[in-house]
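Okay, so here's the structure we're looking at.
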Amino acid sequence: MTRTVDAIHRLDLTDPLTDHVGRYSTGGAIHLNGNSLSPACDGLDERLRETTARWASDQVRGWFDAGWLDLPRTVGDKIATLLGTGPGRVVVPGESTSTVLFNALVGALRLSGTDTRPELLVEAEAFPTDRYIAASAARLLDRTVVAVPAAGLDAAVAARGPRVAAVLAAPVDFRTGRRRDLAATAAACRRAGAVSVFDLSHAAGVLPVELDDVGADLAVGCGYKYLGGGPGAPAFLFAAADHHADLELPLTGWHGHARPFAMVPEFEPASGIDRGRTGTPQLLSLVALDHALDPLVEVGIDALYTRGVALAATFLEELGRRRPDLAAAVVGPRDPARRGAHLALQLPDAGRTERELATRGVLTDSRPPDLLRVAFAPLQVTHGQVARAAAVLDEVQEPIA
Ligand SMILES: *Cc1c(COP(=O)(O)O)cnc(C)c1O
């Protein structure tokens, strides 16, 4: 059964979340880009202006009187609601994902205790910065990185058992969109006595990751992808409550101190997740991220997820109706339960297709060597737009063998 134009229109008319789409300024483009930058949500200019006005009026007092110093925690608590965990477990230290990941991985290796556990397991297909940072963390602590195909990670953890200190894994493969069963990986880590570290960059704000139920140890994620925090938005750090007391992070900045303003010479970590803070927070970026989180928190992760799945289904149906060859070029699982919020199409010249789409106002992204990614941020596109994107793809892409 295919959906007619009317049926697609009806999907948009009957879905209460459609109204959110108009709140994101895309300058008329159809936003299906899932990596570097989300469109801004209405009201951001006002939020930033309020902040700079407060800066002008309160000046240095703003850090204390305007709640600026608390933003790493208050923004973290908002993100927590999207990750299936409670307040006080997530912090936004004001650093890139790479930096926060470094902090988390060294912390994980230290948590794992004695160096009789020599290995840090990573997915062979991991995002490059994750591989680079893992290599560096392992080198610092005299461990060895073992890269394993993602599909065999849980089995490798089980087989290597007491050799494994920590495991770094992602819930969604950044290329193919293949989804990991986080609960299974976390359970494999627990059985092996290894510390789990999850990079949620391609899941936060779009997939329910249920960190508490899963029993994740540590996690990090990016602020500028589905969370929509804007260019270079800071990343977040999660630590399960039972690790707060013994988590020794390597970046021991004064904002992670138990009493930052006591200015004492020795580092004493703050008691909870605050030990994940480093230095003076990036106020304007935190305000932008805070603003971007409001609609997501209001809608809730389950409804966001459901809508993302429905948008992808509309795209796939429309593509299948127009171009079976392109629908067949989708790599990764067909079953929405087994993939993240993006689809990847294997095309002979994905970079060229991406550029052709962009000139026609359809923003996707490509990943070498041959993948076109189409990502469905739940509040940023309509069913009508994703159907239109499939039509434009049909126009620009010659038949593939
Ligand atoms: C996007 C992404 C990052 C980004 O790292 P930055 O240091 O914030 O640029 C890291 N890891 C993964 C898995 C990502 O997808």
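The values are calculated or read from the model by the stated rules, or taken from the named source; none is laboratory data. Fair warning: this is a prediction, and the values are worked out from it, not measured in the lab. Every residue, glycine among them, receives a Cβ derived from its backbone with ideal geometry; neighbour counts consider all protein chains shown. Only protein heavy atoms, including side chains, enter the accessible area calculation; ligands, DNA and RNA are left aside. Shrake-Rupley method; radii C 1.70, N 1.55, O 1.52, S 1.80 Å.
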#### Entry: Order of exposure, largest accessible area first, which applies to 10, 117 with probe 1.4 Å
10, 117
### Query
Carbon and sulfur together cover what percent of the accessible area of the chain at a 1.4 Å probe radius?
54 percent
#### Entry: Computed Kirkwood radius, in angstrom, where 1/r is averaged over Cα pairs of the stretch 230-341
18.2 Å
### Query
Which order do peptides 57-68, 14-25, 345-356, 206-217 fall in by mean Cβ count within 10 Å, highest first?
206-217, 345-356, 14-25, 57-68
### Query
Taking θ as phi - 60°, what are the ³J(HN,Hα) couplings along the stretch 226-239 by the Karplus curve (6.51, -1.76, 1.60), each to the nearest whole Hz, with x for Gly and Pro?
5, 6, x, x, x, x, x, 3, x, 8, 10, 10, 10, 9
### Summary
With a Förster distance of 41 angstrom and the Cβ-Cβ distance between residue 49 and residue 261, calculated FRET efficiency to the nearest 0.05 equals 0.90
### Query
Stokes-Einstein D for the stretch 132-290 at 25 °C, 0.890 mPa s, Kirkwood Rh over Cα pairs, in µm²/s?
143 µm²/s
#### Entry: Other-chain or far-sequence residues with amide H under 5 Å of residue 221's (modelled H)
200, 236
#### Entry: Accessible surface ranking that places the most exposed of 132, 226 first, with a 1.4 angstrom probe
132, 226
### Query
What whole-number value in cubic angstrom gives the convex hull volume per residue for the C-alpha atoms of the chain?
136 Å³
### Query
Using modelled backbone amide H atoms (1.01 Å from N, in-plane), which distant-in-sequence or interchain residues come within less than 5 Å of residue 30's amide H?
362, 363
### Summary
Shape descriptors of the stretch 260-401 over alpha-carbon atoms, Rg and Dmax in angstrom, are 20.9, 68
### For the stretch 33-62 versus the stretch 286-322, the gap between their alpha-carbon centres in whole angstrom
23 Å
### Task
Within the stretch 250-343, report the GluC sites (Glu not before Pro) that DSSP leaves as loop and that have at most 15 other Cβ atoms within 10 Å.
266
### Whole-angstrom gap from the stretch 324-344 to the stretch 151-196, using each part's C-alpha centre
23 Å
### Query
Ignoring ligands, DNA and RNA, what accessible area per residue does the chain give at 1.4 Å, in Å²?
41 Å²
### Query
Based on the mean of other beta carbon atoms within 10 Å per residue, what is the order of 302-314, 377-389, 243-255, most packed first?
377-389, 302-314, 243-255
### Query
Can you list residues whose amide H is under 5 Å from residue 330's amide H, if they're 5+ apart or on another chain and H is modeled 1.01 Å from N?
346
